[in-house]
Amino acid sequence: MKRRSLLREAWCFVAVLALACPALAQSTASLRGAVSDEQGAPVAGAKVLVKNQATGEERTAQSDPRGEFLVASIAPGPYRLEVRADGFQTRVVKDLRLEVAQTMVQNVRLAIGSLSEELAVVGVVHGATHAEHGHRGDQRQEQADFQRAGQSQP
C-alpha cells in the first residue's frame, strides 16, 4: 500500500512538473542568428551583446564555427543587438521587439574595418593638452643636452 502511494505521488509530481515547464518556457523569448562577412562567409568567435532597452539587462553570446549564435530565455521586450569581431566594423541593430515564446532570427553581416573606425568623441580630454606640453618639454630637454655636449642640433 505504501509503495503504491509513493508511486502515485511520484507520478503526480512528474505530471505537475511536465505541465509547469512549458508554462515557464512560454514567458521568455530567444534571439538567434548567423554572423557573416560581406561575402557571406561565417564569422566564428564574434561577440554578441543583447541589451533590453527597457530594463538595461544585458546578455552575451559568441558565434560558433558556423557563425551561429543563440541567446535563449530572455524576457520579452525591445532589444538592441551589438555584434563585434576582430578585423570588422561593429554592427548595431536597434529596436528588435521580442514577444513571449518567440524565437527571432536576426542575421548580421559585418563589413571589414578596424577598431579605430568605432571611436566616437564624447568630450574633451584635458590630459591631452598636458601631454602635448610635456612632449614639447622633452624636445627642449633634448636640445639642452645637445648644446651641453657641444653638438649641433639635428
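Tabulated data
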{"read-out": "Förster-model FRET efficiency, 25 Å R0, Gln39 and Arg80, C-beta, rounded to 0.05", "value": "0.40"}
{"read-out": "Using distinct alpha-carbon pairs, which all enter the 1/r mean, Kirkwood radius of segment 34-90 in Å", "value": "11.9"}
{"read-out": "Residue-span extension gain [Arg59 to Arg32] - 0.36 nm each, minus C-alpha spacing", "value": "8.5 nm"}
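Just so you know, all these numbers are worked out from the coordinates, no wet-lab data involved. These numbers come from a predicted model, not from an experiment. Here Cβ is always computed from backbone atoms with ideal geometry, including for glycine, and neighbour counts include all displayed protein chains.
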